[in-house]
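The values are calculated or read from the model by the stated rules, or taken from the named source; none is laboratory data. Since the structure is predicted, the reported quantities are computational estimates derived from the model, not experimental observations. Every residue, glycine among them, receives a Cβ derived from its backbone with ideal geometry; neighbour counts consider all protein chains shown. Just so you know, the surface numbers come from the protein's heavy atoms only, side chains and all, with ligands and any DNA or RNA stripped out. Shrake-Rupley method; radii C 1.70, N 1.55, O 1.52, S 1.80 Å.
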Amino acid sequence: MIVGVDVGTQSLKAVVADPALKLRGRASQSYKPDFPRAGWAEQNPGLWERALGPTIAAALAQAHVDPQQIDAIGICGQLDGCVPVDDQGQATGNCLIWIDRRAEAETASIPAETVRATGGLVLDSSHMAAKISWLKKQRDPSTRRFHQPVSYLVERLTGRAVMDHALASTSMVYSLKDRRYDPTLLGLFGIEARELPLLADAAEAAGRLTARGAALTGLPVGIPVAVGTGDDFSTTLGAGVVDPGPVVVVLGTGEVVGAIHPTPAIDQESLVETHAFPGGAYLIENPGWLCGGSLVWLKELLGIADFATLDALAAEAPPGADGLLFLPALTGAMAPEWIPAARGCFYGLTPSHGRAHWARALLEGCAFAMRDVTDRIVQMGLATHSILLLGGGAKSRIWGQIRADLTGLSVALPNEADSSPIGAAMLAAVAAGGIADLRQAASLVRGTRETLQPVADNKAVYDDAYARYRRLFAALKPLYEPAAPATPPAR
């Protein structure tokens with residue numbers, strides 16, 4: 001039996017799977033990030049550690065499995081975070097999570113073309129290298145190295161500081177060609193290789209569960225712990241996708257849109273990034289805007305009871321939301337351009353608009369950003385014959401239908417929407433030797449419950465709404481830049 005864990009922004013999830021990767025039990029425990037000031041977003045790593053044991057125990061109880069029956073564990077989770085640690089792997093401060101943008105100044109002097117050409121990334125303060133530079137300027141003498149959330153927990157469980165190539169490829173200091181930390185990029189950000197975890201494949205065993213790891217998880221000392229990977233990759237893996245074909249859209253706290261490609265294609269327009277992918281291919285993706293997080297915001301703002309009620313409200317408004325538009329940039333824009341200073345808005349409000357229009361406009365606005373990315377992926381020549389929705393938002397049928405109507409592509413809804421912990425279990429099963437490789441593991445987990453076909457009558461409405469969304473974004477761009485200082489009056 002295998003345990004897979006996903007360390008998310010808003011919850012930790014665990015699954016128990018049998019040797020054929022059939023799910024036997026699952027559980028989750030919620031927590032929240034902190035936003036101490038505008039542009040800052042943090043999480044105490046102790047939240048993840050304290051959630052591990054109870055969540056795994058609840059999943060085991062649902063599966064009627066004794067902890068001693070567990071053969072391996074895999075950890076996956078949020079990427080682009082940065083956890084400073086001491087020489088024992090203990091956190092010396094909070095994790096700067098993926099939506100934290102305090103390190104804008106640390107990217108100002110870095111050549112964007114070098115980052116793009118070597119690492120396939122957009123120069124952006126959300127990535128790990130910028131956050132490391134910022135943290136090093138704080139000069140905490142106890143900090144010895146830096147982790148992403150997954151590699152942090154792996155070290156806490158095994159005593160080994162190791163990170164997979166996919167996670168490393170999100171850092172801005174990794175070479176896609178050489179599959180190692182790049183000396184030039186390290187130098188640009190003022191980072192030494194010894195300050196980062198060692199590199200290994202995601203499906204390798206990072207080590208074995210130590211006594212400390214056993215205390216944190218409630219699992220037996222000595223079982224293998226997979227190296228693991230980021231949730232952009234584990235979610236795709238957990239849906240059984242290892243080959244080109246579908247556009248994978250992950251609707252979690254953030255929305256990630258991408259596709260598998262056999263070679264490291266680089267986007268010269270810097271809308272999508274190129275990441276190493278477990279198994280040897282590449283994931284060409286936009287790492288995402290606040291999506292599910294925007295739904296949580298609107299739900300709480302309008303006093304909507306739950307997401308099912310929000311969906312029902314949205315269904316009351318017509319396609320196009322009677323002209324109401326939403327820009328999904330509450331924490332900065334990631335599409336149609338990366339502009340960290342951009343902010344979200346509703347536009348087109350009239351007295352006739354009600355809560356139903358707000359709900360539908362938000363669902364449609366996130367879908368418009370998805371189309372920005374899918375259109376660019378098509379322009380780059382990637383295979384895009386359909387859309388596969390994953391993550392918690394894949395439980396929303398109306399959201400899937402909006403995306404089918406908007407793009408003209410069929411949209412598959414998976415059997416298991418929350419597939420990241422399944423991807424973690426796949427990595428653990430391979431690391432323990434129970435399954436030969438990730439391709440074999442993928443064949444055991446893939447499957448869809450429904451495929452939504454586009455409604456042709458809605459295409460013209462959505463084409464018009466999408467064009468208005470693009471004009472709105474362009475019109476607001478002057479507001480995204482800081483105002484120039486006032487010129488003093490002449491004397």
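Residues are listed down the side, and each one gets a yes or a no for (1) touching a strand residue (DSSP E or B) at 6+ places or on another chain (Cβ under 6 Å); (2) within 30 Å of Asp124 (Cα to Cα); (3) among the β-branched types (Val, Ile, Thr); (4) without any contact (Cβ under 8 Å) to a residue 24 or more places away in the chain:
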residue	(1), (2), (3), (4)
Ala308	no, no, no, yes
Leu325	yes, yes, no, no
Pro336	no, yes, no, no
Leu349	no, no, no, no
Leu363	no, yes, no, no
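Which residues, taken from the range 1-38, are part of a loop (DSSP other than H, G, I, E, B), closer than 18 Å to Leu427 by Cα and open to solvent by less than 80 Å² (accessible area, probe 1.4 Å)? Break it down stepwise before answering.
Of all residues in the range 1-38, those part of a loop (DSSP other than H, G, I, E, B) come to 1, 8-10, 18-22, 31-33, 35-38.
Among the residues that remain, those that are also closer than 18 Å to Leu427 by Cα are: 1, 8, 18-22.
Hits for the range 1-38 are Met1, Gly8, Asp18, Ala20, Leu21.
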Within the set of pairs 6+ apart or on separate chains, which have a first residue in the range 428-449 that is under 12 Å from Pro278 (Cα atoms), a second that is open to solvent by 30 Å² or more (accessible area, probe 1.4 Å) and part of a loop (DSSP other than H, G, I, E, B), and C-beta atoms under 6 Å apart?
Leu438/Gly279
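Would you pick out the residues in the range 96-125 that are among the hydroxyl-bearing types (Ser, Thr, Tyr) and open to solvent by 10 Å² or more (accessible area, probe 1.4 Å)? If you could, list the steps in order and put the result at the bottom.
First, the residues of the range 96-125 that are among the hydroxyl-bearing types (Ser, Thr, Tyr): 107, 109, 114, 118, 125.
Answer for the range 96-125, where residues must be among the hydroxyl-bearing types (Ser, Thr, Tyr) and open to solvent by 10 Å² or more (accessible area, probe 1.4 Å): Thr107, Ser109, Thr114, Thr118.
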Gly258 meets each of (1) part of a loop (DSSP other than H, G, I, E, B); (2) of a type outside the set (A, V, I, L, M, F, W, C); (3) within 25 Å of Gly408 (Cβ to Cβ) with one exception, condition (1)
Residue satisfying all of: in the range 176-206; more than 21 Å from the chain's Cα centre (by Cα) and in a strand (DSSP E or B); surrounded by the most Cβ atoms within 10 Å (Cβ to Cβ) among these:
Ala206
Answer residue from the range 39-56, given it is more than 26 Å from Ile73 (Cβ to Cβ) and among the hydrophobic types (A, V, I, L, M, F, W, C) and is most open to solvent (accessible area, probe 1.4 Å) among those:
Trp40
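Can you tell me which residue in the range 440-466 is nearest to the chain's Cα centre (by Cα), limited to those that are among the hydrophobic types (A, V, I, L, M, F, W, C) and under 24 Å from Ala315 (Cβ atoms)?
Per the criteria, the residue is Leu452.
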Which numbered condition in (1) in a helix (DSSP H, G or I); (2) hydroxyl-bearing (Ser, Thr, Tyr); (3) within 26 Å of Gly240 (Cβ to Cβ) is the only one that Thr274 fails?
(1)
I need the full set of residues from the range 467-476 which are aliphatic (A, V, I, L, M) and under 28 Å from the mean Cα position of the chain (by Cα), in order please.
Ala467, Leu472, Ala474, Leu476
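Inspect all residues belonging to the range 65-75 and state whether any of them is under 27 Å from Arg343 (Cβ atoms), touching a helix residue (DSSP H, G or I) at 6+ places or on another chain (Cβ under 9 Å) and open to solvent by 20 Å² or more (accessible area, probe 1.4 Å). Working first, answer last.
Residues of the range 65-75 that are under 27 Å from Arg343 (Cβ atoms), as a first pass: none.
No, that holds for no residue.
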Would you mind finding the one in Pro336, Pro351 that is assigned to a loop (DSSP other than H, G, I, E, B) and open to solvent by less than 60 Å² (accessible area, probe 1.4 Å)?
Pro336
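Give me a count of the residues in the range 402-426 that are among the polar types (S, T, N, Q), open to solvent by less than 40 Å² (accessible area, probe 1.4 Å) and either within 17 Å of Leu452 (Cα to Cα) or in contact with an Asp or Glu (Cβ under 8 Å, 6 or more places away or on another chain) (or both). Full working, then the answer.
Going residue by residue through the range 402-426, those that are among the polar types (S, T, N, Q) are 407, 410, 415, 419-420.
Subsequent filtering for residues that are open to solvent by less than 40 Å² (accessible area, probe 1.4 Å) retains 407, 410, 419-420.
So of that shortlist, the ones also either within 17 Å of Leu452 (Cα to Cα) or in contact with an Asp or Glu (Cβ under 8 Å, 6 or more places away or on another chain) (or both) come out as 407, 410, 420.
Residues meeting the conditions: 3.
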Give the residues of the range 202-222 that are more than 23 Å from Gly46 (Cβ to Cβ) and touching a Lys or Arg at 6+ places or on another chain (Cβ under 9 Å), sorted by residue number.
Gly222
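Test Leu79 against the criterion of being at pLDDT below 95 and either open to solvent by less than 10 Å² (accessible area, probe 1.4 Å) or touching a helix residue (DSSP H, G or I) at 6+ places or on another chain (Cβ under 8 Å) (or both), and give yes or no. Break it down into steps so the answer makes sense when it comes.
Details: at pLDDT below 95: yes; either open to solvent by less than 10 Å² (accessible area, probe 1.4 Å) or touching a helix residue (DSSP H, G or I) at 6+ places or on another chain (Cβ under 8 Å) (or both): yes.
The answer is yes for Leu79.
Being open to solvent by 30 Å² or more (accessible area, probe 1.4 Å) and touching a helix residue (DSSP H, G or I) at 6+ places or on another chain (Cβ under 7 Å), is that true of even one residue in the range 235-252? I'd like the intermediate steps shown before the answer.
Here is the first cut: in the range 235-252, the ones open to solvent by 30 Å² or more (accessible area, probe 1.4 Å) are 243-244.
Now drop any that are not touching a helix residue (DSSP H, G or I) at 6+ places or on another chain (Cβ under 7 Å), which leaves none.
Checked against the condition, which is being open to solvent by 30 Å² or more (accessible area, probe 1.4 Å) and touching a helix residue (DSSP H, G or I) at 6+ places or on another chain (Cβ under 7 Å), the range 235-252 yields no hits at all.
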If you go through the range 140-159 one residue at a time, how many are within 23 Å of the chain's Cα centre (by Cα) and in a helix (DSSP H, G or I)?
9
